Amino acid sequence: MLLLSQVYRDLTIEILLWLLGAFLLGYILRYIIGAKWRTRVGILEKDLSAMTAKANSLEADLSTAKYEKDKIAEEMAKEKKENADLYFKLKACEESLAAAQESEESEAPESSQADVENVASAPLGFVAPNIEVDDPKLNDLKIVEGIGPKIEELLKNEGIANLAVLAQTNPDDIKAILDKEGERFRLADPSTWPKQAQMAVDGNWDRLEEYQDFLQGGKE
């Protein structure tokens, strides 16, 4: 009986020790796992804070962009209105100019058809010199800034066959040829054409190019 009691007591103590060990092991594991998760949660909270700050920054940038967009749209609308005002002012000026020209034409003395024909066929007193060139490139009058295909045709019809002839032609004679052909050609200014032609004849192409860069539609 005494032996049975001793065995029972030993088993009870062993069970208690096992339970105590299990409790301590569970506590330690809980501490370790809890510390690990607390660290991870801290990292996640830090990342969340950084992402929140970034989102706030992006939201602020978006608000700034929207403000700039609205400001640009407002400026564009203002410029559009100003352009529309300028357009209507320009149209009004054109209409006023057209009306003034019609008024001047109606007030001017009428010429007979015979007078008009006489003026159109009147000699200019200009005779182009006969100068031949070896370089075919010098036959192209359009090299001169201010001369287009139509004006080139007019000048060649008057005997200005190449740039060498043009270089020897007085700008006043050229102007008379253009004026004879009507209002369309009277706006052309031939004052620099002989000078440009002479540069081409002399082979000063670089100088001609620099001079033409300086000109505005063939005018100084």
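Read-outs throughout are calculated quantities, based only on the coordinates presented, and are distinct from any laboratory measurement. Keep in mind that what you see is a predicted model, and the values were worked out from it rather than measured. All Cβ positions, glycine included, derive from the backbone under ideal geometry; neighbour counts span all protein chains shown.
Data table
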quantity: Extension gain (nm, one decimal) between LYS150 and LEU25, 0.36 nm per residue minus Cα-Cα; calculated: 34.3 nm
quantity: Additional length obtainable on full extension of the chain from ILE33 to ILE15, 0.36 nm per residue less Cα span; calculated: 3.8 nm
quantity: Under 12 Å, Cβ to Cβ, from LYS156 - net charge with Lys/Arg +1 and Asp/Glu -1; calculated: -2
quantity: Net charge of neighbours whose Cβ lies under 15 Å from the Cβ of ALA22, counting Lys and Arg as +1 and Asp and Glu as -1; calculated: 0
quantity: Stretchable slack from GLU75 to ASN139, in nm (0.36 nm times residue separation minus alpha-carbon distance); calculated: 17.8 nm
quantity: Surrounding net charge for GLN216, when Lys and Arg each add one and Asp and Glu each subtract one, Cβ distance under 12 Å; calculated: -3
